[in-house]
Amino acid sequence: MQEKGTISIHTENIFPIIKKFLYSDNEIFLRELVSNAVDATQKIKRLATLGQYTGELGDTTVEVSFDKDKKTITISDRGLGMTAEEIKKYINQIAFSGATEFVEKFKDAKDANEIIGKFGLGFYSAFMVAHTVEINSLSYQEGAEPAKWTCDGSTTFEIAEGSRTERGTDIILHINEESEEFLDKWKLQGILDKYCKFLPVSIKFGTKTESVEDGEDEEGKKKWKSVEVDNIINTTSPIWTKSPSDLKDEDYLAFYKELYPMSEDPLFWIHLNVDYPFNLTGVLYFPKVKNDFDFQKNKIKLFSRQVFITDEVKDIVPEFLMLLHGVIDSPDIPLNVSRSFLQADGNVKKINNYITKKVADKLAELYKKDRKVYEEKWNDIGLFVKYGMISEEKFAEKGKDFVLLKNTKGEFYTLPEYKEKVQATQKDKNDQTIYLYATDVNKQDAFIQSANKKDYDVLVMDSPIDSHFIQHLEGKEEKTQLKRVDADVVEKLIQKDDAYANLLSEEQSTKVKEIFEKAIDNKSYSVEIEGLNPEELPVTVTMDEFMRRMKDMAATGGGMGFYGSLPDSYKVAINGNHGVIDKILKADSEEEQTKLAKQAFDLALLAQGLLTGKDLTAFVQRSVGMI
Ligand code: ADP
Ligand code: MG
């Protein structure tokens, strides 16, 4: 029996197109062929379970091998096999409506997945690396004849009697000249590790040497010998396929180490397991992130029935959870279509919501279970929670129950607790509650102390996400404003009715202003005379909250580049009620006045870590002179 035929597509040039457009991703031929072998193996097992196949299953390991001299790569399985008719049916008819449409649509395709998935071209990806492909198959069906199919990459094929004596299929690729790099042990091992590491059927690739016990020597010591054993490249039941109740913490930690060998232990994890209205399993880990989070993104691996697909999960996992690590496996995610389609896909949205909800539930549970432990982990998880609340309305809704605020004393409060705490002391004359915060507790220490003296509490907001989180809080918390503790002199941060009067006359105020402007001699600083508590510093340098915030946001990429390019502008508040100001006014000479004013101003800068370089040296010299 021998037959020639034409593959039923309407163009002569489909293979050059496949080759050309898929070239950059051509290693996925192995993923496609090994998955087909695994599918065929699982099908025969199912048939056996159903009693529709009663023969021996035998060793169902899938084997990948290569021959450098013959320039072949072979994928062998002991699956259900195919008859000649089935080969014609399943392999020859490329499942798409018309080649013209195909060529039109995918002229500009960037991604091999797009084409392969949409048109069921998995098998044909073999032609990305092979000039000729052979199928040698024997079907499980009783009395089936072995069949052999050969195709040289044109649209004609040949089908003839085969030589296979055992149930199953060999796919033999005759590797083309440009793809000879694949005829290499490490290259193939690498591709198998990437895509096939968790496939549900054992996959053998060559052999490896292992030490095994070999009896004892005369002194009773164990003897060892080297033996060649099959090199099985995969774990067939990775933990995400198991039931959480069968797993211990050690199992989750060991799997984490397997995925990310160099990483620190994760903080905790979530086992995802849902089968309605979509199917999804997986394990997501919360790593220790701290502040360098960009570099940790893109660590989640996406699988479809245990076949690795990609680690670009951007549209499937909510943006704020991109910092998580782990695995998601879903046969329901349309992997093979374009980005814009993916975003509009209903399943993807549901999956997105599901993951968000699971993460929120887990955090709520941890918070409820042990607040102290939760607080200890806050430095790491705070980032997720804040990021999540800013970016996902649904998450914000849940997050308000377990987001924590930390103050400079290291105490933690939930939002309602904090409101309760500061409401009495930090309400201004317009009935607004003012939350004070520091972004750098060392630099802003003088201001924190002034605030504490007035019984004001100061929050720590020192992570890169905080400038955005502050905006979020103001939007959500009623009648609440946030101000950095150095946004103004303490009296003015929270404006009350009982302010101190300025003891200076108008004439004196004008004079003091003149003296300071001359001493400072810098347009970035605008001098203002205030009536403050005489106990406060004589001079305080502050930056307006709004201005500073805009600059901060611009610096962290939060839009409004315009503000980022503005020069710094500070307010210099002179405490008209302070004794030093009186002393400056009464000084003998103009020279002495300038000197004292400069000294007082420098002290203010010093308190904020703003005095550096030449100015600092000049200050020290001047101070020595004064002593
Ligand atoms: P898909 O796997 O998405 O169906 P493929 O192009 O990869 O598309 O394969 C086409 C069909 O060829 C499969 O559905 C299957 O019926 C058949 N086939 C491919 N490889 C094998 C194999 N190793 N054993 C049995 N049948 C196979
Ligand atoms: Mg396939």
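Extension gain for Asn430-Leu585 works out to 52.2 nm (0.36 nm per residue, less the C-alpha to C-alpha distance). Starting from the Cα gyration tensor of the stretch 404-450, take the square roots of the eigenvalues, sort them a ≥ b ≥ c, and report rounded, prolate or oblate (rounded when a/c is under 1.5, otherwise prolate if a/b is larger than b/c, else oblate). Oblate. Provide the FRET efficiency to the nearest 0.05 for the Thr49-Asp401 pair, computing r from the beta carbons and using R0 = 35 Å. Rounded to the nearest 0.05, the efficiency is 0.15. When peptides 479-486, 460-467 are sorted by average Cβ neighbour count within 10 Å, with the highest value leading, the order is 479-486, 460-467.
In terms of overall dimensions, the chain has a Cα radius of gyration and Dmax of 35.7, 120 angstrom. Over the chain, dividing the summed -39,500 (n - 2.57) contributions of all DSSP H runs of at least 4 residues by the number of residues returns a 222 nm mean residue ellipticity of -11000 deg cm²/dmol.
Over the chain, what is the relative contact order in percent, taking alpha-carbon pairs closer than 8 angstrom and at least six residues apart? Taking the mean separation of contacting Cα pairs over the length of the chain, I get 8 percent.
Farthest toward the positive end of the dipole of the stretch 492-627, out of Val539, Ala499, Leu616, is the Cα of Leu616, where the dipole comes from beta carbon charges about the Cα centre.
Readers should treat all values here as calculations from the given coordinates under stated rules, not as data from a laboratory. Remember, it's a predicted structure, so these values are computed and weren't measured experimentally. Cβ coordinates were reconstructed from backbone atoms using ideal geometry, including for glycine residues, and neighbour counts include every protein chain displayed.
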